[in-house]
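Asks: Got a structure here, written out as structure tokens. Questions coming.
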Amino acid sequence: INMHDKKCYSVTDLIFDHSAASMPVSGLGMSHAEYFEKRKNIKLKYPNFKPLIAVLGRANQVVYFPAELVAGNELEPRLRQRLPMIASYKPETRNAAIEKIRSYLIPGGQKTKGAGGLLPALGIQLADGRLSAKAQVMPIPMIMAAGVQVPSSRGENWSSMLSAARFNINPKESNTLQVIVVCNERIRDAMNVYSKIRDIVNGYNATYRFSQQPVQFVKAGDREKHWGAVEKCFADKSLVPENLFVLDFNKPKGSTDPAYPVIKQLLTKNGFLSQFVNFNTCDHDNPRDQRRSNLVLQGVARQILHKTGIRLWWVHIPQSLPTPTVFIGVDVFHAPRVYDPVQKKRVGKASCAAIIVQVYRNSGQQKSSQRIELFSKTFKRD
């Protein structure tokens, strides 16, 4: 982040041979220190400091910044988790912002080459007023969590009720999953975190339980040292997927983990159930994060049970719902752009979209007469 213009840039190189005072600005006949003082009105405190930071500027041209004007954009994990709360806006604030933007779009709001405004210059006229749409608010359906009915008053935040769910399966009659824990070498107390997850999973008294101790701890590093450790472990032909579960405690150095898709594909292709626990989003072995860690691990335990085929919660569709009814779920993932040293520019991977359509044909009381159809489709586009 350039602290002068508050813009983000991709770092391409560190120039240790030059400082701001010694590196000339191409075509201007002055050094970078003189450029920032004369053109930007910024007098550098350390003009002779090395290195210079090389970044990608406009049209993928390389530009150079003094180190004292550059800051990283990696935030402390707990602050990063609070960003949605920090960046959220109340309706009145949002409406005020909409009106301010709208004021720039009305005729005369912005003078664009004598056309009378920004949009009229493009041949677009903005009508007064806003469109209104009618919406029918359906009553919250009855939600059941393994025999525990969620009250309607908790309809907007009912996930915490799941901790009270119990399947009442005799532990002697349940299936004990043998667990392999893949653990990043920077995680201090992995066994304590495993014990917490095990106790939450086993506390549901469900058909599947976790073993008291992991059958194996696999120490792993980052990137190649991460998926390499997993490949080495599962080269053992005696490991079969029928009764094995893999927990991967990862702690990537960046905001994303490049090893995740590699390992997930490896395990899924060979039929092994797995669950990743990211210690970057929540530092589970840090005593100061225990309250938040407990909430996250509750969700992790529920994901584990769902992956074993247990239906932890379900919704009773009310008889008053008109049929046929279509429920549509859409999710999109945009891969972040990264600097490609070969192409010498920022490139992005293909974006992925998934669409799931559920058609509910009738609301008959007899289960045999209920008909539900599911359709799914994934798309990829550059």
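Asks: Within the stretch 294-311, which residues are open to solvent by less than 60 Å² (accessible area, probe 1.4 Å), more than 17 Å from the chain's Cα centre (by Cα) and farther than 22 Å from THR268 by Cα?
Replies: GLN298
Each row is one residue, and each column tells you yes or no for (1) at pLDDT below 90; (2) surrounded by fewer than 13 Cβ atoms within 10 Å (Cβ to Cβ).
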position: ILE1; (1), (2): yes, no
position: LYS6; (1), (2): yes, yes
position: THR12; (1), (2): yes, no
position: VAL25; (1), (2): no, no
position: GLU34; (1), (2): no, no
position: PRO66; (1), (2): no, no
position: ALA71; (1), (2): yes, yes
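Here's the yes/no breakdown for (1) free of Cβ contacts under 8 Å to residues at least 24 places away in the same chain; (2) among the β-branched types (Val, Ile, Thr):
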| residue | (1), (2) |
| --- | --- |
| PRO261 | yes, no |
| GLY271 | no, no |
| ASN280 | no, no |
| HIS284 | no, no |
| GLN298 | no, no |
| LEU305 | no, no |
| PRO318 | no, no |
| THR325 | no, yes |
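Asks: Just give me the residues in the stretch 24-49 being in contact with a strand residue (DSSP E or B) (Cβ under 8 Å, 6 or more places away or on another chain) and within 14 Å of LEU69 (Cβ to Cβ), in sequence order.
Replies: Matches in the stretch 24-49: HIS32, ALA33, TYR35, PHE36, LEU44, TYR46, PRO47, PHE49.
Asks: Pairs please, first residue from the stretch 126-140 and in a loop (DSSP other than H, G, I, E, B), second anywhere and at pLDDT 70 or above and open to solvent by 100 Å² or more (accessible area, probe 1.4 Å), Cβ atoms under 8 Å, 6+ apart in sequence or on different chains.
Replies: none
Asks: Among the numbered conditions (1) loosely packed, with under 12 Cβ neighbours inside 10 Å; (2) under 26 Å from the mean Cα position of the chain (by Cα), tell me where ALA335 comes up short.
Replies: Result: ALA335 fails condition (1) only.
Asks: Filter the stretch 36-62 down to the residues that are free of Cβ contacts under 8 Å to residues at least 40 places away in the same chain and of a type in the set (A, V, I, L, M, F, W, C), then identify the one that is surrounded by the most Cβ atoms within 10 Å (Cβ to Cβ).
Replies: Looking at residues that are free of Cβ contacts under 8 Å to residues at least 40 places away in the same chain and of a type in the set (A, V, I, L, M, F, W, C), I get LEU52.
Asks: Let me ask something additional. Restricting to the stretch 214-238, name every residue that is in contact with a helix residue (DSSP H, G or I) (Cβ under 9 Å, 6 or more places away or on another chain) and in contact (Cβ under 8 Å) with a residue 40 or more places away in the chain.
Replies: The answer is HIS226, VAL230.
Asks: Does ASP248 satisfy the criteria of being under 19 Å from PHE279 (Cα atoms), among the acidic types (Asp, Glu) and either out of contact with any helix residue (DSSP H, G or I) (no Cβ under 6 Å at 6 or more places or on another chain) or not in a helix (DSSP H, G or I) (or both)?
Replies: yes
Asks: Consider GLN275 carefully, then state whether it is surrounded by 15 or more Cβ atoms within 10 Å (Cβ to Cβ), within 17 Å of the chain's Cα centre (by Cα) and at negative phi.
Replies: yes
Asks: Take the residues in the stretch 201-232 that are under 29 Å from ARG186 (Cβ atoms) and assigned to a strand (DSSP E or B); name whichever of them is most open to solvent (accessible area, probe 1.4 Å).
Replies: LYS219
Asks: Same structure again: Restricting to the stretch 312-331, and then to whatever is under 26 Å from LYS264 (Cα atoms) and at pLDDT 80 or above, can you tell me which residue is farthest from the chain's Cα centre (by Cα)?
Replies: That would be GLY329.
Asks: Which pairs do you get when a residue that is on the phi < 0 side of the Ramachandran plot, found in the stretch 165-182, comes within reach of a residue that is polar (S, T, N, Q) and in a strand (DSSP E or B), reach meaning Cβ atoms under 7 angstrom, with the pair 6+ apart or on two chains?
Replies: Note: pairs meeting the criteria are ILE180/GLN216.
Asks: Here's another thing I want to ask about it. Would you check if there is a residue in the stretch 163-178 being modelled with pLDDT of 65 or more, farther than 30 Å from PHE210 by Cα and of a type in the set (A, V, I, L, M, F, W, C)?
Replies: no
Asks: Filter the stretch 233-272 down to residues that are charged (D, E, K, R) and out of contact with any strand residue (DSSP E or B) (no Cβ under 8 Å at 6 or more places or on another chain) and give me whichever is surrounded by the most Cβ atoms within 10 Å (Cβ to Cβ).
Replies: LYS253
The values are calculated or read from the model by the stated rules, or taken from the named source; none is laboratory data. Owing to the predicted nature of the structure, the values given are computational and were not obtained by experimental measurement. Virtual Cβ from ideal backbone geometry, glycine too; neighbours counted across all protein chains shown. Heavy atoms of the whole protein, side chains included, go into the accessibility calculation; ligands, DNA and RNA do not. Shrake-Rupley method; radii C 1.70, N 1.55, O 1.52, S 1.80 Å.
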